[in-house]
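Beneath this line is the structure, given in C-alpha cells, with notes to follow.
The values are calculated or read from the model by the stated rules, or taken from the named source; none is laboratory data. Being a predicted model, the structure only gives us computed values, none of them experimental. Every residue, glycine as well, gets a Cβ built from its backbone with ideal geometry; the counts of neighbours run over all protein chains shown. Side chains included, ligands, DNA and RNA excluded: accessible areas come from the protein's heavy atoms. Shrake-Rupley method; radii C 1.70, N 1.55, O 1.52, S 1.80 Å.
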Amino acid sequence: MTPVILLAAGKESAEVTDWAARIGWVVGLALFVALVYWLMREGWKWRGTLQGDLPELPGAPEEPGTARLTLSGRYHGSTTAGQWLDRIVAHGLGTRSRVELTLTDAGLGVVRPGASDFFVPVAALREARLDKGIAGKVLTEGGLLVVTWAHGERLIDSGFRSDRAAEHNEWVDAINSMITTSTTEGAER
C-alpha cells in the first residue's frame, strides 16, 4: 500500500480547466436556450395569428348593475370549450394574471391588472363548473372555476382560481342559476 502512495505523491496533477472549451460550451448552451425561447415565442405569435378570426373582447357596459358576487384571485387562461389544452392567446386571453371578477345582472366582469379586461354578457354565458385543470395549470379536483361562454362563433372555457377556494361552489351556483333564468325568460318572450 505504501509504494502506491509514494508513486501518486510524486506526480503533479495536470491542468484541469481548459477555458476556451468551457467558454465555448457556455456560449453554445446560451445560444441553444435563446433559440428555444425564440421558437416558443414564434409559436405563441403563430397561435395568435391562427386565432385572428376571434372578435374583439366585449367591454363592460356603462351601468353593469349591482354586484351579486365578487372574487379576487388568478386568471389561468382560456381554451376552446371542451379542449382543456387548446389555449386561446388572441386578444390577450392566454396571458395569466391576477383577476377581479364581478358577477352582476348584466354579466361577468373580468378585470385583469396588466392584461386586457373583458366582459361576458349574461346572454353569452353557457355554464360554470369546477374542474382540475386548464391549459398548463393542473390543480386538485375542483380547484378551478371554469366558466364556459360564447364569443363570436366559438365556445370558450376560462379558468379562474379564487384566493379563497371555498367561494367556487357559490360562483358555480350563481352563474348557472343566471343562465337558467335568462334562458327561461328568453323562451317566454
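For segment 34-42, just list the computed ³J(HN,Hα) in residue order, Karplus coefficients 6.51, -1.76 and 1.60, θ = phi - 60°, integers in Hz, with x standing in for Gly and Pro.
3J(HN,Hα) across segment 34-42, in whole Hz: 4, 5, 5, 4, 4, 5, 5, 5, 5.
Among (1) 1.64; (2) 1.03; (3) 1.09, which one is Cα Rg over 2.2 N^0.38 Å computed from these coordinates?
(1)
Of the residues LEU54, LEU31, LEU139, which exhibits the maximal mean-square fluctuation in a Gaussian network model of the chain defined by a 10 Å Cα contact cut-off?
LEU31
So how far apart, in nm, are the two label points at SER116 and LEU35 if each is 7 Å from Cα heading toward Cβ?
3.4
Could you sort 72-79, 61-68, 19-26 so that the peptide with the highest average Cβ count within 10 Å comes first and the rest follow in order?
Peptide ranking by packing, descending: 72-79, 61-68, 19-26.
Under the rule of at least 5 residues apart or a separate chain, name every residue whose amide H is placed under 5 Å from the amide H of GLY77.
Correct list: GLY159.
Can you tell me the accessible area per residue over the chain, all protein chains present, probe 1.4 angstrom, in square angstrom?
Ligands and nucleic acids excluded, the figure is 62 Å² per residue.
In the chain, carbon and sulfur make up what percent of the accessible area (probe 1.4 Å)?
60
Near the amide H of ASP86, under 5 Å away, which other amide H atoms are found, from residues 5 or more places off or on another chain, if H is placed in the peptide plane?
For ASP86, the qualifying residues are THR80.
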